[in-house]
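Values quoted throughout were computed directly from the atomic coordinates according to the rules given, and no laboratory measurement underlies them. Since the structure is predicted, the reported quantities are computational estimates derived from the model, not experimental observations. Here the Cβ positions follow ideal geometry from the backbone for every residue, glycine too, while neighbour counts run over all protein chains shown.
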């Protein structure tokens, strides 16, 4: 145990230091973690780790949690309702890229290390893009809600669904007999049926019974993840696939945002070790490795343009949307390294090929960050050539209006409900901008009937508020008095909200007038005094009533 703690401590410490430097240089943080692995690893570094197996075990837990969280963030309803262009490009991009890869790597397969399976793995893995890098870069540019942003994210989300198929068939990729394929399909179908049957008829009621205890919701969710991962392992399927299915099944419940927010920090902690462990496997670059990395990177980028643009044009999209979307997803996915790492363990590919993929991900992660940052400028450079070479069909690239939740209500007690009813009657145009965070299922049902966005979550947790993008809030309202709050206070909420949204207007609630000054000192713009307001109203009413009675008596 002492060796395990030592190795984790060294890995996290070095990863943190290099991560800070990488962040300061505005490079992808994953590249920093890979460099940290190189520094402490046995191949090129200082051999600071006593046992690489210790880090590998922890990193596997990180992979399972990664796929669990990504599964929770997949909204199947949104995917189905996302429109013809996004569905077509998301579903079609992967097989087109795989087909291109098989053609190219069959012709040039000798240039890459590994056996006969190398071309199959390269074709599949080069078809996947990094959700983490693309979404973060697009979010930093405020382009998530644009047409190109939504198209990019739609393709990335559907790629994650393709990963389920890859993980299902991966153990038998080196022996694709009909009997084994049929057995894999049956096992995968059984895993899906068990997962969704239990989630619908068992978990639904279990979650409902403990919904007022957010800690139990998290505990049950993690237990569900472990159960599905273990069941997948028992069926000789990938445990990562089981975790992904567990996450997708939870995505159907209103608790998904809360669980995802609570497990993100835990997942990220383990993922640091996963990428560090990959960095530890990186070998010294030589001429062959450099050329292989450059060739793979060039193919990956070109394959995005050759797959995305034709599909979008065929479905009525614009050349501009196709070009910018292709730029946005022109990087190798972290999932590619996950699948490749599993492939090395299964004996399908060599560790040398994994090294090529790691170098390719590092290179494309860096280039992609600049592609996304300057995507519109790059398009303008090629616009004239593209307009001459490409068809003139396609719609204009207009940004459709998306829900803009700029008014956040923390907890929905009687005061907040009264406020919402007044808004509904007097200014209903504000309703689409309001989002309410609460963990009472009955309240969430009532909000849904009022056509108000309600999210299950614990308002006392900073990660929950951050995960809901409160940094974009214009107004934040807390109407619940301290006496009714559990595990937090209005002062604590004001501090957290101000740290997330420094420019927002924050309206808090106080029990006593003596609390007003402190709340304002820590960031509240306005403070409500419900009991004093009720007292003032009653006093005014009584005074007017007595005056009326006095007038009548006289």
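In the chain, helical runs assigned H by DSSP with n ≥ 4 each contribute -39500 (n - 2.57); averaged across all residues and rounded to the nearest 500, the mean residue ellipticity at 222 nm is -22000 deg cm²/dmol. The mean of 1/r over all pairs of different alpha-carbon atoms in the range 156-225, once inverted, gives a Kirkwood hydrodynamic radius of 14.4 Å. Beta bridges from DSSP with both residues in the chain: antiparallel share about 0 percent, rounded to the nearest 5. With the convex hull drawn over the C-alpha atoms of the range 190-318, the volume per residue is 192 Å³. In degrees between 0 and 90, to the nearest 10, how far off the longest principal axis of the chain does helix 530-553 point, with axes built from Cα atoms? Approximately 30 degrees, to the nearest 10.
Computed on the chain, with alpha-carbon pairs under 8 angstrom and 6+ residues apart, the relative contact order is 18 percent. By how many degrees, between 0 and 90 and to the nearest 10, does the Cα long axis of helix 2-24 differ from the longest principal axis of the chain? Once rounded, the angle reads 80 degrees. Ranked for footprinting exposure by Cβ neighbours inside 10 Å, fewest first, 533, 257 give 533, 257.
Of 129, 297, how do they rank once you tally other Cβ atoms within 10 Å and put the fewest first?
Numbers: 129 27, 297 21.
Fewest-to-most Cβ neighbours within 10 Å comes out as 297, 129.
Ordering 23-35, 513-525 by mean Cβ neighbour count within 10 Å, with the highest value first, yields 23-35, 513-525.
What do you get for the angle between helix 351-373 and the principal long axis of the chain? Use alpha-carbon atoms, 0 to 90 degrees, nearest ten. It works out to around 50 degrees.
Computed with the Debye formula from one identical point scatterer per Cα of the range 407-539, without solvent, the log10 of I(q)/I(0) at q = 0.13, 0.16, 0.20, 0.23 Å⁻¹ comes to -0.51, -0.79, -1.24, -1.53. Values [x] 34, 28, 23; [y] 45, 32, 21; [z] 48, 27, 24 are given for comparison; semi-axes √(5λ) of the Cα gyration tensor in Å, derived from the coordinates here, is the one labelled [z]. Estimated from the Cβ-Cβ distance and a Förster radius of 35 angstrom, the FRET efficiency linking residue 99 and residue 27 is about 0.60. On the beta carbon distance between residue 426 and residue 463, with R0 = 35 Å, the FRET formula returns roughly 0.50.
Across the range 407-539, the relative contact order, built from alpha-carbon pairs under 8 Å that are at least six residues apart, equals 21 percent. How many angstrom lie between the C-alpha centres of the range 328-343 and the range 499-523? The range 328-343 and the range 499-523 have Cα centres separated by 45 Å. Look at 291, 162, 224 and count the other Cβ atoms within 10 Å of each Cβ; fewest to most, that gives 291, 162, 224. At full extension, residue 542 and residue 200 could sit 117.6 nm farther apart than now, given 0.36 nm per residue minus the alpha carbon distance. Measuring r between the beta carbons of residue 216 and residue 492 and using R0 = 25 Å, the FRET efficiency lands at 0.70.
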